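Scroll down for the structure; my scribbles are underneath it.
Read-outs: derived from the displayed coordinates by stated rules, not from any lab. Everything numeric here is computed off the predicted structure, so don't read it as measured data. Neighbour counts are summed over all protein chains in view; Cβ atoms, including those assigned to glycine, are modelled from backbone coordinates with ideal geometry.
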Amino acid sequence: MVHDGKFFTVGHFINNVGDDASLDLLIQVSATRSMHATFGVQVGGDCEAYFYEGTTFSGAGTAITIYNNNRFSSTVATATITHTPTVSGVGTQIVPTIWIPGGSGGQAIGGQGGGPTRTGTEWILATSGVYLLRVTNRAGQATEISSQVAFYEPN
């Protein structure tokens, strides 16, 4: 899909997420194309990650730039991804809660910082679907959180 100009990457980073606060990415799939996606999260301290389907919201939040991985292609994604949405209802959790350990020292996941996680599993998100990727800080203090979505939209 990269060669066809249909593979995209998006991400968002917050360097000071308070304890028990979250980084939210709202994913709105277009009515014309499904989305085949994988997700990645990196954290500076203990966090939990959740993935929901059927999310409702009163404000979509701030649009995040979606990059086409083929730098010769002018194709743009039909999906939209935003951060900091105003969520009315999270919807149905479709992945068990993922624990992302933080820690310190050479033996901790991620070395001196926190841990990374990547599902490695491709999800096919339904046309006109609304999804929420939420990462909640459980470190007991403010920490850094970064989330990414890599995806393609077949015809």
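Odds and ends about this structure:
- Measure of compaction for the chain (Cα Rg per 2.2 N^0.38 Å): 1.05
- Dipole magnitude of the stretch 7-152, debye to nearest 20 (Cβ charges: Lys/Arg +1, Asp/Glu -1, about Cα centre): 400
- Residue order, fewest to most surrounding Cβ atoms within 10 angstrom, among 36, 83: 36, 83
- Length gained when the stretch residue 122-residue 30 is fully extended (0.36 nm per residue, less Cα-Cα span): 31.3 nm
- Positive-pole candidate from 12, 79, 145, dipole of the chain, charges at beta carbon: 79
- Gain upon complete extension [residue 19, residue 155; 0.36 nm per residue less C-alpha separation]: 44.8 nm
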